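One structure is given below, encoded as structure tokens.
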Amino acid sequence: MSREDVLRSIKEAENKASAKLEKARSDAAEIANKARAEAADLVATGRADSDAEARAMLDDAGDSAGKEAKGVRKEGETALKAIHKRGEKNRSDAVSSVLDTFRA
């Protein structure tokens, strides 16, 4: 093999190596971009899932609080009715007591 043939072979090998290196860099960049995109999708999905879960928890808490509030309101209404009944029973005695105090 002549010197020119050897130099040409070396040059072709260098060109092939450069092409392979460039292809490897391109592939690495593409893989990194895909990984970033997948990571962003995972983060977005995670956020959406956690938001949905938080909304569900808030809805459950609101429902529970609403039920508890209804119970408390019923207890309050019952107590208020009892107070009104006792007040009605004692009204004529109270009026008589006040009038007697003014008459005395």
(Q) So if each residue of separation counts as 0.36 nm, and I subtract the Cα-Cα distance between Ala24 and Asp60, what length gain in nm does that give? (A) 7.6 nm
Q) Using Cα atoms only, what is the angle between the long axis of helix 3-103 and the major principal axis of the chain, expressed in degrees (0 to 90) to the nearest 10? A) 0 degrees
Q) Where does the chain land at 222 nm, in deg cm²/dmol rounded to the nearest 500, when only DSSP H runs of n ≥ 4 count, each adding -39500 (n - 2.57), divided by all residues? A) -37500 deg cm²/dmol
Q) If R0 is 30 Å, what FRET efficiency do you get for Arg103 and Lys81 from their C-beta distance, rounded to 0.05? A) 0.35
Q) Within a Cβ distance under 15 Å of Asn33, other residues only, what is the Lys/Arg minus Asp/Glu net charge? A) -1
Q. For the chain, which semi-axes, largest first and in whole Å, follow from the square roots of 5 times the eigenvalues of its Cα gyration tensor?
A. 97, 11, 4
Q: Give, as a single signed number, the net charge of other residues whose beta carbon lies under 14 Å from the beta carbon of Glu4, with Lys and Arg counted +1 and Asp and Glu -1.
A: +1
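Read the figures in this text as sums done on the coordinates, not as results from a lab. Given the structure is predicted, the values throughout are model-derived calculations rather than measurements. For neighbour counting, all protein chains shown are included, and Cβ atoms are generated from backbone atoms with ideal geometry for every residue, glycine included.
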